[in-house]
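Heads up: the structure comes next, in structure tokens.
No value in this document is a laboratory result; all are computed from the given coordinates. Everything numeric here is computed off the predicted structure, so don't read it as measured data. With ideal geometry, Cβ positions are generated from the backbone for all residues, glycine too; neighbour counts draw on all protein chains shown.
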Amino acid sequence: MGLFSFFDRFRGSGEPGASSGDRSPYGEFWFEPVSARTGSGMRVSPDSALRVAAVYACVRILAETMASLPLVIYQRRPDGGKDKVTDHWLYRLMAKRPNRFQNPFEWREMLQGHLALRGNAYNQIITNPRGEIIELMPIHPDRVKIELLPSGEYRYRVTDRSGKEVILPRGDVWHLRGLSSDGLMGMSPIELARENLGMALAAQDYGARFFANDAKPTGGWIEFPGSFKDSEAKKVFRESYQQAQSGANRGKVLVLENGMKFHEVGVTNKDAQFLELRKFQITDIARLFRVPPHMIADLERATFSNIEQQSLEFVMHTMTPWAERWEASIESELLLAGDDIEIEFDFANLMRGDAASRSSYYQSGIQNGWLTRNEARIAENLNPIDGLDQPLRPLNMVEEDAAEDLEIDTQAEAAEPPEQKAIEPAEDESVARLNGRFNALVQTTSERLARRIGRSGHLAEKDILLISQALAVPLDRVQLWSNQIAEPIDQKRLTESLITLGQNL
């Protein structure tokens, strides 16, 4: 366990709990980065930005969505396919228990929150004596600095809660980066947009002060027809007036003497376009995190149709890049170069609450043959049933070879047998015509089968079944016939043998 991880607060040393406002040696105050004062007069940091409800809502949406996606690990096959793997050490680490303190949802939620607020997320890689990764212990980004070395490499300096620095080599830290300008550190969205967020914080504080003053401006001046005898008398009057109209005395009747008049001075909320500014800031913050406004309860421009489209765009243009960033980092930083392992986040889980969309998805897959009925049952947490493992294929759709075969069969059926030169009775003529048509069909079918089998050069088990079905010959008879076929197959001899097989029923 790393002493510099965020789990230090749970140490049994009796130290007080840390908070962002705690300036004791155990508090977070001394570890937070010094933030610049914005043009609005507000200091903006990742923690202070969370005071804005829209920022918190956007970060929470990104973090919870990323944490809810199932992580799937595939083993690549030589034929280009891939199989799901659940007995790999990476699956146990990422999908079951990343460390001794967190479950996978909490762990990924926290790391995605670090990425969204600070542009970086760090984990200390903890291994066993055999070098296998057994834990990924998160480190707060504010405690980490990157130090460049003369060799061109870099390492990490991590500050623990006691102020001690611990140096970790590059191989001991898994570093998830957001958008970066130097390839080493991700850029913090909060720092880049601090002026916009400073306006939001200033407007929020102004609104709080406005309503704390009973929604009345605090500025004003008193007209006095006379004059005070000295500055001290003026100061005493001002202080007594402020004491009589502030705190518990706010809202009490004001009494002025000696012809004094109070003149209120202040800018109204309408003149300052306060409400319009607050609305614009919600859209501006949603734009910063690329979150659809309706997902943070801004429904001013939402309609039934565009909400559905925006939800699709959220998956395609917001969450897909984040998932690709995670997948690429896991494969490059935690796996060896020769591993035939592929990491993927399954976005089908986002349809978990939409039964209609899931039903349409399964129906399309089953009817078009790229999804089996048992695969759909397993996806719905139902047990598979015998006989539902074969993909279905629509009857009006055939493969290219089958289409060619069908065309040949159609032509053969349309071909008329040669006319009989000898004049025979009507019954014999009908039998001869049928025999001629049968022989023509057997010949064209045999030619087609020989051409198809000749491509591979040998007779396979599937070819035996195909011959039995195409020529309507019992399977056991075809199997006996196949024992007499010599390889490599000669297409002409195979055609003649197939004609003989088909005609000798």
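Annotations
- Count Lys and Arg as plus one, Asp and Glu as minus one, and take only other residues whose Cβ is under 14 Å from that of Arg373; the net charge is then -2.
- Charge context of Glu327, other residues only, Cβ under 13 angstrom, K/R +1, D/E -1: -4
- The HN-Hα couplings worked out from phi for the range 96-106 by the Karplus form 6.51 cos²θ - 1.76 cosθ + 1.60 (θ = phi - 60°) are 10, 8, x, 7, 6, 10, 10, 8, x, 5, 4 Hz, whole numbers, x standing for Gly and Pro.
- Karplus-derived 3J(HN,Hα) values for the range 356-371, using 6.51 cos²θ - 1.76 cosθ + 1.60 with θ = phi - 60°, are 5, 5, 5, 4, 5, 5, 5, 4, 5, x, 5, 5, 9, x, 9, 9 Hz; glycine and proline are entered as x.
- Anisotropy class assigned to the range 101-212 is prolate, per the alpha carbon gyration tensor with a/c at or over the 1.5 cut-off and a/b larger than b/c.
- When peptides 116-123, 151-158, 37-44, 92-99 are ranked by their average number of other Cβ atoms within 10 Å per residue, the highest-first order is 116-123, 92-99, 37-44, 151-158.
- Remark: the range 439-448, residue by residue, has Karplus-estimated 3J(HN,Hα) of 5, 5, 5, 4, 5, 5, 5, 5, 4, 5 Hz, where x stands for each Gly or Pro and the curve is 6.51 cos²θ - 1.76 cosθ + 1.60 at θ = phi - 60°.
- Close amide H pairs (under 5 Å, H built 1.01 Å from N) link Gly186 with Gly178, residues at least 5 positions away or on another chain.
- Separation of the range 311-349 from the range 173-191 is 17 Å, based on Cα centroids.
- Overall form of the range 328-375 per C-alpha gyration tensor (a/c, 1.5; a/b vs b/c): oblate
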